[in-house]
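The values are calculated or read from the model by the stated rules, or taken from the named source; none is laboratory data. These numbers were taken from a predicted model, which means no experiment stands behind them. Counting neighbours? That spans all protein chains shown, and the Cβs are built from the backbone with ideal geometry, glycine included.
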Amino acid sequence: MPLQLGDLAIALRFDDHRTLDRALGVLESYSGRVLAIGSEPPNDPRPAPIRIASRAKHWRTHSYPYIVSSLLAGADYDPLAATDTDKLAERCRVGGWDRVLLTHANAVLERPDHLEKLAELSAGGDHDVAYDGDCPWWSEVVTISTLDRFVGFAAARFPGVVYPHRFFHFAAAEKLRVVNIGAPHRDYCFNGSFTLPTGGMTVGDQGDVLWRLDHMPDLTGQTVLDVDTEEGYALFRAAELGAVRATGLNIREEEEYDCFPEFLRPETRPDQLIRTEACKERTFAWLKSVYGVGDDQVRQRYGNVYGIGDEQFDTVFCFGVLYHLRDPFKAIENLYRATGQTLIVEAQRLPDDGTPSARLSPKMFNMWIFSSTLLKGMLERVGFSRVEVLKESRYPVDSVVLKATK
């Protein structure tokens, strides 16, 4: 039975041509209203897909499904993502459409009933956004006027971001009328994009963190510390992996983020919005209810890597912290003291030629970029008996993950 999506235009993300063809078959009656968005132009003679290029291949495709670099055949590559959202809105206006369903070919094939519910929900009221909170591909119906507002919001506050990046802040600033089916995760502020137990993907300020979670081993019976835990995505993953107790350490961002030089510290960070303690705690409490865990298994406290305390944990995770610090050497000493068995560290990296090296980051709140060889040497020097590089990668960020064992 064909999908019943009313008068919606459809921006259809795809990862491969075979899946695209199957989805277009389901959407055949909407052939004049489909924009196909993929990592390369689809080899499809039919006029329905708009030939486009995309930067989404640089990210997990289900985490950033709407990174679009150009929508019109023959368009020059445009590296500004904010402009891409503008182009999507422009293309919809050319078609005479006032609402668009942003979704994925896999959602058309695997969640057609949910797409129909979204279409019905969006048509049934005066809403700016209607989203499926249980969809791993961020399916939503958004008005074109909302996309226009996002372009202005991004240009003024977060140049270069693409819709729906920073959605929580955008919705609050613009007082969006938002409705949903499934988990209401867009009511909460997240640092990272990760998969919820219900199947939905959160919209994180800093993007995909699933690649970090991939490096978490079996934790059955262990105690765990996660340094700079944010909303606790690693804590909840630790609970799923069998940890008996997972503790998160959070800083008070406005006061404790290292800045160099200190006398140039701005009153607010210019490149992003601060997640307040109340905001983090609200999100953390909601996640505890979603994951079905209590304070006896998962907890957070405030503190920083320079003062972890005397308690030891079987496994310690330190994701995305060291490159923010003035004194990564002191931090690694403290991490060693807190580690009972294993430490897993992730940091931004330099290309490695075997020379221990580091570079001062040009960003005010990012201090260092390390070579893998230097990080390995630092971990060995504080006393870890074995250090191995688990992964070096360029995407989604240029990073290295190391495992240090006592």
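Quick notes on this structure:
- Applying the condition of being out of contact with any Ser or Thr (no Cβ under 8 Å at 6 or more places or on another chain) and among the acidic types (Asp, Glu) to segment 115-139 and asking which residue is farthest from residue 9 (Cα to Cα) yields 126.
- Residue match in segment 179-187 (condition: in contact with a Ser or Thr (Cβ under 9 Å, 6 or more places away or on another chain), modelled with pLDDT of 90 or more, of a type outside the set (A, V, I, L, M) and in a strand (DSSP E or B)): no
Here is a yes/no grid of residues against (1) buried (at least 22 other Cβ atoms within 10 Å of the Cβ); (2) in contact (Cβ under 8 Å) with a residue 24 or more places away in the chain; (3) of a type in the set (Lys, Arg); (4) outside the structural domain of residue 289 (by TED's automatic domain parsing):
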site: 152; (1), (2), (3), (4): no, no, no, yes
site: 163; (1), (2), (3), (4): yes, yes, no, yes
site: 166; (1), (2), (3), (4): yes, yes, yes, yes
site: 171; (1), (2), (3), (4): no, yes, no, yes
site: 178; (1), (2), (3), (4): no, yes, no, yes
site: 193; (1), (2), (3), (4): yes, yes, no, yes
site: 199; (1), (2), (3), (4): no, yes, no, yes
site: 218; (1), (2), (3), (4): no, yes, no, no
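- Listed by first and then second residue, the pairs with beta-carbon distance under 7 Å, at least 6 apart or on different chains, first residue in segment 124-150 and under 16 Å from residue 163 (Cα atoms), second of a type in the set (Lys, Arg) and surrounded by fewer than 20 Cβ atoms within 10 Å (Cβ to Cβ), are 128/177; 144/93.
- For residue 250, the criteria (1) within 28 Å of residue 341 (Cβ to Cβ); (2) without any contact (Cβ under 8 Å) to a residue 40 or more places away in the chain hold in every case but one, which is (2).
- Test for residue 333: is it under 25 Å from residue 260 (Cβ atoms), surrounded by fewer than 20 Cβ atoms within 10 Å (Cβ to Cβ) and in contact with a helix residue (DSSP H, G or I) (Cβ under 7 Å, 6 or more places away or on another chain): yes
- Within this structure, residue 161 fails the test of being over 22 Å from residue 278 (Cα atoms), at pLDDT 95 or above and of a type in the set (A, V, I, L, M, F, W, C).
- Selection of strands (runs of 3 or more DSSP E) fully inside segment 328-389 by the criterion of at least 1 residues being assigned by TED's automatic domain parsing to the domain that holds residue 266, basic (Lys, Arg) and without any contact (Cβ under 8 Å) to a residue 12 or more places away in the chain returns 358-360.
- Some residue of segment 265-279 being more than 21 Å from residue 365 (Cα to Cα), free of Cβ contacts under 8 Å to residues at least 24 places away in the same chain and not assigned by TED's automatic domain parsing to the domain that holds residue 160: yes
- Reported count of residues in segment 201-245, each being in contact with a Ser or Thr (Cβ under 6 Å, 6 or more places away or on another chain), of a type in the set (Gly, Ala, Ser) and not in a loop (DSSP other than H, G, I, E, B), is 1.
- Residue in segment 253-270 that is under 28 Å from residue 402 (Cα atoms), at pLDDT below 95 and of a type in the set (Ser, Thr, Tyr) present: yes
- Screening residue 239 against (1) farther than 16 Å from residue 342 by Cα; (2) surrounded by fewer than 20 Cβ atoms within 10 Å (Cβ to Cβ); (3) assigned by TED's automatic domain parsing to the domain that holds residue 391 leaves a single unmet condition, (2).
- Scanning segment 78-106 for residues that are at pLDDT 85 or above and in contact with a Pro (Cβ under 7 Å, 6 or more places away or on another chain) yields one hit, 104.
- Among all positions in segment 8-31, there is at least one residue which is at pLDDT below 85, basic (Lys, Arg) and farther than 29 Å from residue 158 by Cα.
- Residue in segment 300-313 that is aromatic (Phe, Trp, Tyr), in contact with a Gly (Cβ under 8 Å, 6 or more places away or on another chain), surrounded by 13 or more Cβ atoms within 10 Å (Cβ to Cβ) and touching a residue at least 12 places away in the same chain (Cβ under 8 Å) present: yes
Table: residues versus (1) within 30 Å of residue 160 (Cβ to Cβ); (2) of a type in the set (D, E, K, R).
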{"position": "301", "(1), (2)": "no, yes"}
{"position": "306", "(1), (2)": "no, no"}
{"position": "325", "(1), (2)": "yes, no"}
{"position": "330", "(1), (2)": "no, yes"}
{"position": "337", "(1), (2)": "no, yes"}
{"position": "351", "(1), (2)": "yes, no"}
